[in-house]
1. If you rank V438, V57 by fewest surrounding Cβ atoms within 10 Å, what's the result?
2. With the crude spin-label approximation of a point 7 Å out along Cα→Cβ, what separation in nm comes out for V438 versus T258?
3. Using modelled backbone amide H atoms (1.01 Å from N, in-plane), which distant-in-sequence or interchain residues come within less than 5 Å of L712's amide H?
4. Set the Förster radius R0 to 51 Å, insert the Cβ-Cβ distance between N479 and I426 as r into 1/(1 + (r/R0)^6), and round the FRET efficiency to 0.05.
5. Applying the Karplus parametrisation 6.51 cos²θ - 1.76 cosθ + 1.60 with θ = phi - 60° to the phi angles of the stretch 96-107, what ³J(HN,Hα) value in whole Hz is obtained for each residue in order, glycine and proline being reported as x?
6. With a 10 Å Cβ neighbour count serving as the proxy for reagent exposure, in which order, fewest first, do R533, R134 appear?
7. How do the peptides 558-569, 173-184 rank, highest first, by the average count of neighbouring beta carbon atoms within 10 Å per residue?
8. Quick one: order E165, E241, E688 by neighbouring beta-carbon count within 10 Å, fewest to most.
Amino acid sequence: MNNNSNNGNLGGEAQHSLRDYVNLIRLNLLPIIIITLTALMVAIIYAVNAPNIYKSVTVLKITKPQGNILEAPLIPEFRDFGSDRFIANEIEILKSYKLREKVAYALIDSFKASRKKNKFALIIKDDDKGTVPRTKDIDAIISSLGGDVSIDQKRGLDIVDITVESTSPVEAALVANLYADSYNEINLSYNRQLLTSIKEFLAQQKEEKLNELGQVEETLKNYQEQRGIVQLPDQAKALIEQSTDFESKMNATKIDLTVAEKTLNQYKNELAKQDPEIKNYIESFATEPYIKNLQLQIADLKTQRDRAVSGSAGSTRKSEMITGIDAKINALKEQLNNQLSVYRAGVLSSSPEEIKDLTKKVLEEEVKYQSLLASYKKLSEIVSDYDKRLNKLPTSTIDLARLERERTAYEKLYLLVEERYQQAIINEQSVPGNVFIVDKGLVPKNPSKPNRLLIVIVGLILGFGLGISFAFVRNHFDNTIKTPEDIQNKNINILAWIPRIEGIDNGNKDFEFIVAKKPDSSASEAYRALRTRIKFSKIDKDTLKTLLITSPTSQEGKTTTSVNLAGSMAHANLKTLLLDADLRKPRVHNVFNTKRFPGFTDYFFGQTSYNEIIRTTEINNLFYITAGTIPPNPSEILSSPQMEAFLEKLKDQFDYIIIDSPPLIAVTDAEILAQVVDGTVLVVSANETEMDLLEKSVEILNRDKSAFLGVLLNNFNYRSGYSSYYKYYYYYSRPVNGSLKNKIKTS
């Protein structure tokens, strides 16, 4: 009968404690140390051989341009948000391929101009070992800049850091400053793009008008030489002078109209992207009849004023006329401005906040364009009228008058375009950038990387972490039994554990029969603890006389356990018999250094007598029977009635019969014997027996309703990580007054 109720339930869950984790680390201490030292050595080697990295930082302050209608300021509540978005856009420009390409070409130019070419580590080919360093191709340099340059905004500020890292301190500072300069150039170009396009247009017009003026002057000179006419009549001169004034104004207005159209179209395109309906609404308003009529009246009065100025009336009369016309012009302008103010207020009130400035600018430019267009039409009418008057001159002077008028008109127009061009240059240069270089990148004196001490520390920590991870992974996939707690956590009774016997693997029989050869050793104390546990494992001691020693598989120490358990019982003055029932691979005779014959199978077959198979040993009260001849059918012999009768006969003569049997999983011999003995002890080997095999073995023994007493953990190396067990055995194994303590803690 099984008195250990916990042997029947294998569903217990392991409760891991801090001691379990400490034991796990101690058990894997050697691989942890090896992995840690390996990682540490790798870190040291890397730290020693890693090149010095120098860092240079250029600090920029990027402000949001208030006057740029494409980036109009928002209402105060959202101004910070708009600024952050603007800075984010500028950072993307700083990271753009276009900027890196510009920096790369500038870096190559600096490399070519420098005498110290070895200072340009970033652009020199890595495998270049020649006397004259060669640069990488432009794409490789651009790619390197993307990895070695970082752009970061300081949180909550309009400050951007351009950080460059290089193995050359000079190059780090150079690249940082080239980045800032190149970005500043791009920024200025962007802010001035409208004025730049106007300047380029005026430059083109200036060149064209100069060429046209030269052609007209050459034509006039040739005409005068061919016809012999040098001067025009006074009447023709006066008419030409008045005509050229208006023609030059018309041409100047045409140029202004073209510039205004360019500006207006750019603003309209931007507004159309954001709100096409407002853009269409502004166009319809600017061309409505009332507005156009006011603009035409103003343009007509201006031409009347110009005629009055160039007229032949007396000074008093002329002054009165000009004053009257100016009064009318001012009155019409006031009406126009009032109408525009009302309209502007209506449009802006319905416009989203973020495009109000852009809407206002489009409105102003649209009105300006329509006003110029009205003026151009009126001036064209006046010039056409003067053409008719020129045609009424005498035939001999018409051609000369026309040529003279063209020359004078082109001359005045060229001077006007030249003036406008110079003004455009001034306007373009007067537009400031919104980038301010706070700090230029300096040549660093000390490297910023690598932090060799930190690398070594990280290597040490990483190595230790990998070692710990290795231990846990190894433990996770290792299903073998390691400690007595592993067995207890499965709700399986553990009788005792035997420490690892040093030297037993060398085949030394003194170590195998250790209770006889070294009775004062810790292993002998453990076998005596096993003896005590077995004796008290059943309430009725008289029913526990035959003990079966088995194991899940071979090489787990069941024979060694059988021999030493029998020896420890004999030392307790109990007449004990050791029976080798392992008819597959018997080993008891090897332990006692005797022959296998005759054995109990020979007795079964009638080849020898009962007394001849019982052999004595050097230990009092210890006897043994070898296996004898190995039969072809061991299971049939062990399950025969003769075997039961044989065991009963032995019980009458001995206090205890210890039976060594084959492994439980491999063959059925042990399972058969377990049903006829008074108790069964299952031997498992630490770090060898898998937990699945233990559970299966216990299941077999419980299924057959055998008297399963519990498990013996053999070959337990308590010194390797299990300090609590080591303390127990150290205490009970140390010498006291020349002897060893006779007692061992068994609980």
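1. Working: V438 12, V57 19.
Going from sparsest to densest Cβ surroundings: V438, V57.
2. 4.6
3. Sorted by chain and number, the residues that satisfy this are L495, L682, V683, V684.
4. Details: r = 87 Å, r/R0 = 1.71.
So the FRET efficiency works out to roughly 0.05.
5. Values, residue by residue: 5, 5, 4, 5, 5, 5, 4, 5, 4, 5, 5, 5 Hz.
6. Numbers: R533 19, R134 11.
Lowest count first: R134, R533.
7. Details: 558-569: 27.4, 173-184: 22.9.
Sorting 558-569, 173-184 by mean packing, highest first, produces 558-569, 173-184.
8. On the way: E165 21, E241 13, E688 17.
Starting with the residue having the fewest Cβ neighbours, the order is E241, E688, E165.
Laboratory data are not the source of any read-out in this text; all were calculated from the coordinates shown. The structure displayed is predicted, hence computed values, not measured ones. When we count neighbours, we look across all protein chains shown, and the Cβ atoms used for this are built from the backbone with ideal geometry, even at glycine.
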